[in-house]
Structure formats: structure tokens, C-alpha cells
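Report on the structure given below.
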Amino acid sequence: MLLRAFAKINLDLRVLGRRDDGYHELRTIFQAIDWWDEIRLEPASRFEFSAPGTPEDETNLVVQAVRAYEQLAGITANVHIRVTKNIPVGRGLGGGSADAAVTFIGLQRMYKRSLRFDEIPQVLSRLGSDVPFFTLGGRAAGIGRGNEVHKLDDSADYWLLLVDPGVMIGTAEAYSWLTVPDKTNRIEGFCAANGSACETDVWTNDFEGPVFQRYPELAGIKDELLQLGAYRAALSGSGSAVFGQFQMVSEAVRAGSALGGRFRVKVTKPLPRWEYFQRMVEE
């Protein structure tokens, strides 16, 4: 079984404050994009795992997803899993979380166990706050820690240029840089759980201030994307990848040519939900 674990960007990301449990309260808009890690699942006599370039032990989110599935399904997963990483780590693109969620989905397709539907989001949330999003794909609103996700209407009428500056930013480290204001950080026009329309002119990312302060070259990339024709540019997640949104693919390609000599760049597109699931699994 061949699985594609697609990356995400955050079209909007607000940090409202620290919760009693130590996590931060978020409001975000996730968007799946057409860039993926490849995961192969094959039946085996015992569990085997390989993921060149990443930890191949119990600290890997894929292995943790297997253990979570085994516990929930009451089985031992005798399967060989090989992960080929394309999505860079520590860039705010959710590659590790996507790998975990899609592995869980692949195991369910392989073993077809009767699982309690209401337990799955809780299990995935324990793996990572954004892991549940990758069971929805498309565009979705994330609330709570970002782990409570709600489908939004897809909008895929634009192109993306992702710029990887070669900087790895740990999520916990980025959160430690935040100074959350005392006043309520209310999001005007935020996509509500009922799927209401989004007002894109108020989208922002609260991580840009502290991250750009420490890595001014990322602010420079954002400015360059706007100068090169992007109608919007932003940091994805807690960084370090920066994306630009373009009306036409030719504009994104041209901007990529201008930046490609200094950074790794990727021209891609948002994935609507139907395409996300249509391309996720090949058996």
C-alpha cells in the first residue's frame, strides 16, 4: 500500500493565551497542499520501520501512531513501514504529523478493525496538536490546541510558492518566544466551526513577530514574495517556511526562479478535500 502524507500551511494563526494545561489556545485555518511524504505499508512477520534521515525508534511519530493504533484496535501490527521524506522538518509544514495521521489511516485500511469513532480524535491529539487535521484534509478551522478541527469550504483557485530558508525552528522553542497580550485576541472574520466565509484581508500569523525578530531573513523573504507578485505572503505555522499566494502558476514559477538560487523553493497548490483523499492511498 502506497500512502501520500500531504503537508499543510496555516492561512491564519492566532495564539490567544496559555491554557491551564500548559498548552496554548489557538485559532487557525489549516490548508492541505500538494507536497507529500511517501509511506509504504506492507504485511510482514513482525513490525519493521525505516525512515532514512529521521529517528527510526519510538520517538518517531509514525511509530507512535502504530502503537496508538495497536492499543485502540487490540492487535499487533506486523507490518513493514518505509517513509520517504520530502517535506522538510521544522518548517511549520506538519510533515511529521501528516505521516502519523496517514499511517493510522493506512493501518485501518489494512486491518479493517471496528474502532470507536469517538476515540480516534483523542488518540490522534495525543500524538500532536495538528495530527487530527490530517484526517480531514482540504481547508479546516482549528481551535483549542489546534486539535479540534472543523471542515471549511474548499478554495483552491490560487497557486503557492513555498520558500524553505534552511532554518529549523522547533515548535516548543517558537512558543517560548511568544508574548501573549493580556487583552483578548479576537479574530474578526475568523472561519467559525459552522463553515462561514473567511475574510482573508484580516488573516495573519502571530508567530511572525518573534520569529522574524530572531530570523530577519524570513521577513526579507516575505517582502520579496510580495514584490515578486504574491497577493499575500506569510509564515507557515511556527516557521520557518514562508509561502506566497499567486493568482497564476506562471507568476509563482517566475517568483520561484528569482528566489531559487538562494533557497529551496516549491511551486505547488492547495488541495481540496476530495483530491486529498483521492490521492492519499494507492493499493
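The values are calculated or read from the model by the stated rules, or taken from the named source; none is laboratory data. For clarity, every value in this text was computed on a predicted model and none was experimentally measured. All Cβ positions, glycine included, derive from the backbone under ideal geometry; neighbour counts span all protein chains shown. What goes into the accessible areas is simple: the full protein's heavy atoms, side chains included, and nothing from ligands, DNA or RNA. Shrake-Rupley method; radii C 1.70, N 1.55, O 1.52, S 1.80 Å.
Take every DSSP beta bridge whose two residues both sit in the chain; close to 90 percent of them are antiparallel.
Near ALA77: Cβ cut-off under 9 Å, other residues only, Lys/Arg at +1 and Asp/Glu at -1. The net charge is 0.
For the range 20-129, the spherically averaged projection of the C-alpha convex hull amounts to 8.0 nm². Across the range 202-209, rounded Karplus estimates of 3J(HN,Hα) from the backbone phi angles (6.51 cos²θ - 1.76 cosθ + 1.60, θ = phi - 60°) give 10, 5, 7, 9, 5, 7, 4, x Hz, Gly and Pro being marked x.
Per residue, the chain exposes 45 Å² of accessible surface when a 1.4 Å probe is rolled over the protein heavy atoms with every protein chain present. Share of antiparallel DSSP beta bridges in the range 42-165, in percent to the nearest 5? Bridges in the range 42-165 that DSSP calls antiparallel: roughly 65 percent. Lysine pair count for the chain (Cα-Cα distance under 28 Å; residues 8 or more apart in sequence or on different chains): 17.
Using alpha carbons only, how many angstrom separate the centre of the range 3-34 from the centre of the range 72-112? So the two Cα centres are separated by 19 Å. What's the angle, to the nearest 10 degrees (0 to 90), between helix 95-111's Cα axis and the longest principal axis of the chain? Taking Cα atoms only, the helix is inclined about 30 degrees.
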